[in-house]
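Colleague: A single structure is presented below for examination.
The values are calculated or read from the model by the stated rules, or taken from the named source; none is laboratory data. No experiment lies behind these values; they were computed from the predicted model shown. Don't worry about glycine lacking a Cβ; one is built from the backbone with ideal geometry, like all the others, and counts go over all protein chains shown.
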Amino acid sequence: MAASDDDALQVLSGDDQDDGAYSSDFEEEEADSGEEEADLDEEEGDFDDEDEEDEDSDEEDGAADGNVEANDSANHEEIREALLDYIGNGNAGADGDEESDDREAADESDSSEDEAPPRNTVGEIPLEFYKDEEHIGYDRAGRKLKKQARKDQLDSFLDRSDDPKDWHKVYDEYNDEYVELTKEEMGMISRIRQGKLPHAEVDAYQPYVDWFDWDGKGHPLSNAPEPKRRFIPSKWEAKKVVKLVRALRKGWIKLDKPKEKPRFYLMWGDDLKVNEKTANGLAYIPAPKAKLPGHEESYNPPVEYIPSEEEINSYQLMYEEDRPKFIPKKFDSLRHVPAYAEFIKEIFERCLDLYLCPRTRKKRLNIDPDSLLPKLPKPKDLQPYPTTCFLEYKGHTGAVSSISADPTGEWLLSGSRDGTVRVWEVQTGRCKKVWDMGGSVFCVAWNPNPALPVVAIAVSNDVVLLDPEVGDEEVQLNIAKLLAVQPSTSEPTENTPLIGWKRHDKLRGIQLSHQQNVVRVSWHNKGDYFVSVSPDGNNRAVLVHQLSKQQSQNPFRKHHGRVADVLFHPARPFMFVATKMHVRVYNLAKQELSKKLITGLQEISSMALHSGGDNLILGSKGAKLCWFDMDLSVKPYKTIKNHKEDINAVAFHKSYPLFASCSDDLSTHVFHGMVYSDLMQNPLIVPLKILHGHQKGERSPSGSSMLQSYPATSPGVSDIKFHPTQPWLFTAGADSVIKLFCN
Amino acid sequence: MCSDLSSSQVKQVKNAVKAAKRKLHTGRRGNPGNAAKYITRNKALNRLQIKLPEFRRLCILKGIHPREPKKKFEGQNKTYYHVKDINFLLHEPLLEKSREIRAYEKKITKARAKYNTDLAHRLQNNRPSFTLDHLVKERYPSFIDAVRDLEDPLTMIHLFATLPADTTHSVPFERVHSCRRLSLEWQAYVTRTHSLRKIFVSVKGIYYQVEVSGQKITYLTPHVLNQVLPEDVDFRVMLTFAEFYETLLGFVNFKLYHSLGLNYPPVLDPRLEQAAAELYALMKDLAGGTTSAPLLEDASAKEDDAPVSVDEQQSLMEAENKEKRIAESQARLASLQDRLKQIEKEKEKPQDDLETRTCRRLFQNLTFFLGREVPRESLLFVIRSFGGAVSWDGDGAPFPENDEVITHQIVDRPTQGHKFLSRHYVQPQWVYDCANNRILLPTEPYLLGRIPPPHLSPFVDNEAEGHVPEYADTIKRLRLAANQQLAPLPGSESGIDEGELLVAAAARRREDLEAEKERELAAMEKSYAEDLRRELAGKSFSGEEEALADVPESEVLPPPKEDDPKDMAKMMLSRNKRNLYQAMEMSNTKKKEEVKLIKERKRKADEKERKKKTRTM
C-alpha cells in the first residue's frame, strides 16, 4: 500500500511538474494505480488514516470501470481537484467550475496550456538544430511540421496597423506560430512584472491547515496492529481482585472506618501511692508552687495595704529589682475591675519557668533562726565573773595605752600616751605614784614575781626598769640593789654590748636603750627575765634581758615577718613569738622551733597564754579571737568573731577560768574558758558578758611624728588585765580612764 | 580520596581509644563525674537530631527541665540537661512520630505543588495522629501525683477557655472550645462534690481553692473580660503546654467522674449551651448531691425569651412542643433521681468530712438571683458549690426574677429600680466573703450602692503575718458568735447590726454542733468564754485589743538589753551558720518592717477618719 501511495504521489507530482510529455500516459497510469488501490482496499478495509485517499481511489475506480476514453475531462478535473487539494488551494472548487463551463477557455488559458497536446514533438532540444531546415520538428504522427513564411517588417507593420490587438500576440518559436495572449495572461504578466504572485487568486499567506487530521489517531506513522492483550482482561488484575476479595471475605480488610475510641479512659487505679521518681529513674522535682495572694492583691484591699502617693512616687527612686511589681489598688465595686493586662504574660512567664529553669532541690529552712544558736550554759551558773564597773581610775590626760596589775593585786600600773606612768591603789583608786617618762608609753609590765616588785616600762626607744616602791623595807633594799647598774658587767664583755644598761638618773631606775621603738615588754613568770619587742628592729626585734645579771641577748638570728608579741611559757622553757599571721613556739632549752601555729587571722594584735601553758588566745585586727589548744592541733580550736572592730588586747585570768578581749568598738567581752585536766575533754568556751562604759578616744595621727605616736593608739579600749586573785577586770580606754569591773 | 579515608580511619581509631580510656577512667573512679552526667543543650540537640523548637516541645510535653550541675564544666551560661533525661527523650515514641508527621507534611505540600488536589486532599484527611496519653501516665504514675500538679494546668485551661480563637497567634478554636469544656466539667465536679474551699477576687483574677482527694489546689481564673493577646508572648509554647494540660485534665476529669459513678464526658443540654449557660447545663447533668435544686428549675429552665432573629424564633416555636414532652420526661426522671439521691445520700453521708458538710450547708436554704452585671459563671460556681440555688437574668434561667423563693439578689449597680422587700440586694463580694468564712455575714455593709468592707485574702494567716486587718477581727468575732449562738457583743465597735440571718445561721450552727461535736470549735469556744470572763471582770474589749496589739509591737522593737543571751550565743556560731542566721534575721526584719509600715498606714487612716468625724460632729 505504501508503495502504491508513493506511486500516486509521484504521478501527481510529475503531473504537476511536467507539461505535456507524460500527459498521454497519465490516464492509464492513473487507472492502474486506482485498480491497485482498490485491490488493497478490499483486503484490509479499516484504515482510518487513509479515508480521504480511499474516497479518491473509489471515485477513480468507478471512472476506470466505466468510460475511460470519454471521461477524459472528468478525469482531468478530478486530478486537478486532487492536485489542488494536495497543495491546499482554497479556490479549487471555483477553478473546476470555470473549466467545466468553458472547455476552450480552459485550453487557451495558461493552466490549459500544460494539458494541450504539443504539436511539435522534437523535445527539448535547441531549435538552432532546425535553423537551416524547412521544418521545425515533427507532429505526433511523425510528419514534418513546416516552417511558416517569416513576416517581413512591412507585413508586421501592416498587421500592427490593421489589427489593434496585434501587440497581444507572442511568437512561439517552438511551434512556429503566433499566440494571442488572453486578458488573464496579460494580467498575469503585468503581475509578474510588478513582482507579485502570477495568480491573483492565490493567497500566499492563508492560515495553515494541516494536511493530516491528527486528532485521536495515535501515532500517525505507526501501522502496527492493535495487540491482543488490549482485548483480553488482565491476568494480574484478576489475581489482585481475587486477593482483595479473599481479604474482604476473611475480614482482613474492614471497609468501614474503625470506630473512634473514646478520647479519655480510666487511666489510674485506686492506689494513692505517691511516686518519688520519674520514669527515667531520676528524682522527681516538682515545680515550686506559685505564691498565694495576700490581702494586698484583693480588688478591695483594706486601706492599710494601699500605698500613699508619696510611697508610690518613692518607688521610682528604688532599684528596678527592688521596686514592688504589684501596686495594690482599690476598686469600689466588682464591676469596675478591669481585665488584668499582664495575665497572659505572667502565665507565659510561668510556662517559661516550668520548662527553662534548672530545678534543684533546695532545703528551705523554715525555722526560727534562734534554733541555730548553740545551747550554752547560763552565764549565771558560771559565776563569778566581772559584771559591773566598780571603780574608775582617773588621772591620765592622754589615752591609756597599757596597764598591769601587781602579783598581789594591790597595785595597778598604767602607762599613757601623755607620757606618764601611774601606780594606783586598786582598792581605793588612789594614785600612789606618777612618773613622767618624757615620751609616750607603749607598754608597762609589773614583774610577776611578788618578791621583786619591779616594773618594766616601754617608752619610745627605751625600756625603763623602775621601783614602784611598794612592799616592805627588805624588798625595797633588794630592789635598790638590783636596779643599781653594775658597771663591772659591761666591762668584761669586750665586744660592744647589745644593749647598754644605763642608769636612769631622773627616776633612779635602769634604762635600756633600743634602736627602735619598743612596743611590748613581758616578764617571765619567775621574774628574772623579760623580753622586749621592737617590731621594726629587724633581727633585733626580740631581745631577752636578764635582770639579775643585767644582760641582754638576742636569741633569734632572724624573724619571719614583723613580730607583734612575745610571751614566755609560764613553766617550761618555751617562748611564743607572734608574727603577723603565725605564732611560732620556740624551745629555748634546745634552741629550736617547736611548733608553728597557723592562725588564719589577718593580723595578730595580741596574745595571751593560759596559766597552764597549753592554751593560747590570740586577738586580731580582723576582730577575731582565736583559741588554740596546743595539745590538740596547730590550728585554732575555736575562732570567734565577737567584736565589730579590731581587737586590741586579750587576757587570761591566772586562777579563774576567765578570759577577755577588748576592742576598738568600745566593748570588752568576758568569756568563760574552762580548760579541763582531762585531755579528752575539749575546753569549754562560753561568752559571759559584754562590758561597756568606755568613751571613744581620739585616734592619734600616726603619720605626723613617728617617734611620738608610734604605734597609732586605738580609739577604743586599749588594754585589759585581770586581777591576779579576784575575778575582776581592769580595762584601759583611749578616753584616759581605767575601769575596774567586779563581779 | 585515599588519604581522606585513612585520616578518617585514624580519627575513628583515636576516638575508640579515647572512649576506652574514658571507660577505664570512669570505671576506676566508681561514680561518673558531672561531665558524664550532664549534657549541654546544643549537644543534646545534636544527639537527638532535632531542631530547637521540636526539642522545646518535647521537653514541655515530657516534663523535662534543665538541671544545675555542681560544676558547670562547659561554662556558666549554658543550659545543662541530665544525660538520662536526654536518653529518655531519645526513646520517646513521640520523637519518631513527629518525624513521621513531618515527612507526611512534605508529601502533602508536594502533592499540592503538583496540583494533585485529589492526593493532597486524601493525604490531608488521613494524617497520622498522635496522643499524649502515654505521657500523662508516664509523668503521673498515680492519680494523686496528677492531682498534686494540677494548679498550673487548671490555670492554663481556664485562661484558654476565655481566649479568643485567633489566627494571627494561631490559637485554634478547637483548643479554646475543648479548654472551655474541660474547665466547665471541672467546675461541675467541684460543685457536685462541694469541694470548693476558698475564693479570692483579686485584681489579677479570681483564685479558687479546691480540695480534691485531700490535695488543696489553688488556681487562678481571669476576669471574664476580653483578653488582649500580647505580642511578646510565644503562643507556640503556651499551646504546647495547653495541649498537654488538656490531655491531663481530661484524664483527671474522667477519673473524678468515674469515682462518682458518672459517665464521662457528660452530656450537655444543647439549649442551655446555646444560652451560654454551659456550666449550669453540666451541673444539671451531674445534679446528684444537691438536694436544694428544686424540680421547678428543670421545668422553668426551658423558658427561653431572648431569641432575636426571626428564624430563630421559628425554630423555637417548633422546639416548644418538644420541650413540653422533654419537660414531662425530665420530671419523671427527676423523681427517679430523687429516690436515687436519697439512697445515695444515705451512702454518702458518712463519707463526707466535716468541711464538706459545712460547705454544703452554707447556702442551703437560700435562693439567689444574679443580676446581669455580675460575673455569672463565677457566682454560679460558688453559690452552687456552697449549696445554694441560683437563677440569673438571661437565657435558660431556671426561675424568673419575680419568683418569691428568691432570698438574695446579687447586684452590682449604682441603683436598683424596683426592689422586692422580701430580698436582700447584696453585692457579689458578700457571697465570696460568706463562702470564705463559712458563715452568713450580715448583709448590711454589702447592700446595693455601698462601698463594701475590704475583701480579705483567705490564704493569709493573719497572726503569722503579724497584722490582723480590722475586718478580719470582726469576722472572727462574728464566727465565734455564730458558733456559740450568742448575741453579738454590745461593745463591738464595728457597729454592724447582726440581723436575723445571723441568728438563724447561729441556730443552724448549734444544731451542727450538737450533731457533730466538733472538738476544734470547742476549743475556740473556750477561748471565747475566757474572753468573755475577762470582759466581765472589767476590762474593756477594746482595751484588751490594744493590749493585744501591743504584744507584737514589743516583739518588733525589743528594748536593747545589756546582756542578751542571744548576742552571746551568736558569737559562738560558725561562719556558715552565722551567715544563715544573719540572712534569716534580715528577712525577718524586712517582714517586720513591712508589717510596721502597714500598721503605720492603718494608724494614719484611722486618724484621718477620726478627724473627719469630729469635723462633721
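Colleague: So A:Pro369 ticks every box in (1) facing chain B (nearest Cβ under 7 Å); (2) farther than 30 Å from B:Asn579 by Cα but one. Which box is left unticked?
Modeller: Only one criterion in (1) facing chain B (nearest Cβ under 7 Å); (2) farther than 30 Å from B:Asn579 by Cα is unmet by A:Pro369, namely (2).
Colleague: Could you go through the stretch A:572-584 and let me know if any residue there is crowded, with 17+ Cβ neighbours inside 10 Å and over 19 Å from A:Val634 (Cβ atoms).
Modeller: Taking every residue of the stretch A:572-584 in turn, none turns out to be crowded, with 17+ Cβ neighbours inside 10 Å and over 19 Å from A:Val634 (Cβ atoms).
Colleague: Hey, another quick one. Based on what the data block shows, is A:Pro262 within 7 Å of chain B (Cβ to nearest Cβ) and farther than 30 Å from B:Glu68 by Cα?
Modeller: It is false that A:Pro262 is within 7 Å of chain B (Cβ to nearest Cβ) and farther than 30 Å from B:Glu68 by Cα.
Colleague: OK, next. Which of the residues that make up the stretch B:221-271 are within 9 Å of chain A (Cβ to nearest Cβ) and farther than 28 Å from A:Phe348 by Cβ?
Modeller: Scanning the stretch B:221-271 gives B:Phe254, B:Lys255, B:His258, B:Ser259, B:Tyr264, B:Pro265.
Colleague: Suppose the filter is out of contact with any helix residue (DSSP H, G or I) (no Cβ under 9 Å at 6 or more places or on another chain) and within 7 Å of another protein chain (Cβ to nearest Cβ); does A:Lys329 pass it?
Modeller: Judged against the criteria, A:Lys329 is a match.
Colleague: Can you tell me which of B:Pro53, B:Pro32 is touching a residue at least 60 places away in the same chain (Cβ under 8 Å), over 16 Å from A:Ala283 (Cβ atoms) and more than 10 Å from chain A (Cβ to nearest Cβ)?
Modeller: Being touching a residue at least 60 places away in the same chain (Cβ under 8 Å), over 16 Å from A:Ala283 (Cβ atoms) and more than 10 Å from chain A (Cβ to nearest Cβ) holds for just one of B:Pro53, B:Pro32, which is B:Pro53.
Colleague: Tell me which residues, restricted to the stretch B:428-463, are within 14 Å of chain A (Cβ to nearest Cβ) and either more than 21 Å from A:Tyr305 (Cβ to Cβ) or aliphatic (A, V, I, L, M) (or both).
Modeller: B:Val431, B:Leu447, B:Leu448, B:Gly449, B:Ile451, B:Leu456, B:Val460
Colleague: While we're on this one: Against the definition (out of contact with any Lys or Arg (no Cβ under 6 Å at 6 or more places or on another chain), within 15 Å of A:Cys357 (Cα to Cα) and at pLDDT below 95), how does B:Asn77 come out, yes or no?
Modeller: Here the answer is yes, as B:Asn77 does meet what is asked.
Colleague: For A:Trp435, work out the one condition from (1) assigned to a strand (DSSP E or B); (2) at pLDDT below 90; (3) touching a Lys or Arg at 6+ places or on another chain (Cβ under 6 Å) it doesn't fulfil.
Modeller: In the conditions (1) assigned to a strand (DSSP E or B); (2) at pLDDT below 90; (3) touching a Lys or Arg at 6+ places or on another chain (Cβ under 6 Å), A:Trp435 misses (3) alone.
Colleague: For the stretch A:651-670, how many residues are over 16 Å from A:His723 (Cβ atoms) and among the hydrophobic types (A, V, I, L, M, F, W, C)?
Modeller: Total meeting the criteria: 1.
Colleague: Quick check on the stretch A:680-707: of everything there that is modelled with pLDDT under 55 and assigned to a loop (DSSP other than H, G, I, E, B), which residue is surrounded by the most Cβ atoms within 10 Å (Cβ to Cβ)?
Modeller: Top of the filtered list is A:Ser700.
Colleague: In addition: Only one of (1) closer than 30 Å to A:Thr668 by Cβ; (2) under 44 Å from the mean Cα position of the chain (by Cα) fails for B:Asp606. Which number is that?
Modeller: Here B:Asp606 meets the rest and fails (1).
Colleague: Taking B:Lys72 as the residue in question, decide whether it is surrounded by 13 or more Cβ atoms within 10 Å (Cβ to Cβ), under 41 Å from the mean Cα position of the chain (by Cα) and assigned by the TED database to the domain that holds B:Met238.
Modeller: no
Colleague: Now for a different question. Counting only residues that are of a type outside the set (A, V, I, L, M) and within 8 Å of chain A (Cβ to nearest Cβ), which one in the stretch B:193-216 is nearest to B:Val460 (Cα to Cα)?
Modeller: B:Phe200
Colleague: Of all residues in the stretch B:571-617, how many are assigned to a helix (DSSP H, G or I) and in contact with a strand residue (DSSP E or B) (Cβ under 9 Å, 6 or more places away or on another chain)?
Modeller: Qualifying residue count, the stretch B:571-617: 2.
Colleague: Given the conditions (1) more than 13 Å from every other protein chain (Cβ to nearest Cβ); (2) of a type outside the set (Ser, Thr, Tyr); (3) over 33 Å from the mean Cα position of the chain (by Cα), report the number of the one that B:Leu90 does not fulfil.
Modeller: In the conditions (1) more than 13 Å from every other protein chain (Cβ to nearest Cβ); (2) of a type outside the set (Ser, Thr, Tyr); (3) over 33 Å from the mean Cα position of the chain (by Cα), B:Leu90 misses (1) alone.
Colleague: With A:Glu349, A:Glu311, A:Glu296 as the choices, which residue is more than 7 Å from chain B (Cβ to nearest Cβ), of a type in the set (Asp, Glu) and either in a loop (DSSP other than H, G, I, E, B) or within 26 Å of the chain's Cα centre (by Cα) (or both)?
Modeller: Being more than 7 Å from chain B (Cβ to nearest Cβ), of a type in the set (Asp, Glu) and either in a loop (DSSP other than H, G, I, E, B) or within 26 Å of the chain's Cα centre (by Cα) (or both) holds for just one of A:Glu349, A:Glu311, A:Glu296, which is A:Glu349.
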